[in-house]
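In what follows, a single structure is set out as structure tokens and then discussed.
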Amino acid sequence: MNYNNEMNLSFISRSINESFARAAVSAFAAQLDPTLEELEDIKTAVSEAVTNCIVHAYPDRVDRIYIRARLFEDNTIEIVIRDKGVGISDIDKARAPMFTTGGGERSGMGFTIMESFMDSLKVKSKQGRGTTVIMRKRISMRYAGRIGA
Amino acid sequence: MKIISTKREGELKIAFEGELDHHAARSALSRISQLIDIELPRKLVLDLSSLSFMDSSGIAIIVHSYRRMNELEGSLVISNVPGQAYKVLSAAGINRIIQVDKALV
């Protein structure tokens, strides 16, 4: 499928960048004319994925996080969030609700929330090489004719 | 994120203002634990009305407060929860364990 637009973003894994990342992706997603709720869903999912990179991928170093977002012809947004961190040894376990290696400050609900707020979620990981999360969400068409799309 | 606390007759109310994410969670968690330890309330109300964003970091804080209030044999209510935060809490099933009151729109 063809995409109409793409943006790439990279930033270092400092927790202060969590709000920057979700604001940047939601500003880009705004081109699809989403509802406020759809925009909040995207922000929430991005926040979870970026937090995972900061907490789990780079537990004892600061390194780069990469985001690529694409807007497709069918009004779908695809968000790819990638790190070059430690990787996940058991993806099914990591995706299970309530599972966390993050201690009392984490809830273990990150992947569950990404799954329920987006239409699809794919996780690829190699130990010692990093993790890639690919999320998609179709934004509802609110107008019969779109201007400038 | 800002935290504002008020106490009246055994009820401690803690209001959150701003965005509650992982960045804000650590200091929020220690502030809430400190307030509970000082006040030892019979009832804790977490007021989310001025929360503009919350992710799963908020769940960890709520679960922590719930455990602490159970130890004190007190109760916990999450009140004035905005739509986005409510969706996060329901996705995690928190509303099945803890009283979560949605904000009136």
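The numbers here are math on the coordinates, done by the rules we state, and not lab data. Note that this is a predicted model, so its numbers are computed, not measured. Cβ sites come from the backbone with ideal geometry, for glycine too, and all protein chains shown count toward neighbours.
Out of (1) in a helix (DSSP H, G or I); (2) farther than 22 Å from A:Arg142 by Cα, the odd one out for A:Glu40 is which?
Condition (2) is where A:Glu40 drops out.
Picking from A:Pro34, A:Pro97, which residue would you name as being under 27 Å from A:Lys126 (Cβ atoms) and either more than 14 Å from chain B (Cβ to nearest Cβ) or not in a helix (DSSP H, G or I) (or both)?
Matching residue, one of A:Pro34, A:Pro97: A:Pro97.
Return the residues of region A:101-118 that are under 18 Å from the mean Cα position of the chain (by Cα) and either assigned to a loop (DSSP other than H, G, I, E, B) or in contact (Cβ under 8 Å) with a residue 12 or more places away in the chain (or both); say none if nothing qualifies.
Result: A:Arg106, A:Ser107, A:Gly108, A:Met109, A:Gly110, A:Phe111, A:Thr112, A:Ile113, A:Met114, A:Glu115, A:Phe117, A:Met118.
Take the conditions part of a loop (DSSP other than H, G, I, E, B) and surrounded by 13 or more Cβ atoms within 10 Å (Cβ to Cβ) and apply them to A:Pro59. Does it pass?
Considered against the rule, which asks whether it is part of a loop (DSSP other than H, G, I, E, B) and surrounded by 13 or more Cβ atoms within 10 Å (Cβ to Cβ), A:Pro59 comes out as no.
Rundown of residues vs (1) of a type in the set (Asp, Glu); (2) in contact with a Pro (Cβ under 7 Å, 6 or more places away or on another chain); (3) more than 22 Å from A:Met109 (Cβ to Cβ), yes/no style:
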residue: A:Ala27; (1), (2), (3): no, no, yes
residue: A:Leu32; (1), (2), (3): no, no, yes
residue: A:Asn52; (1), (2), (3): no, no, no
residue: A:Asp74; (1), (2), (3): yes, no, yes
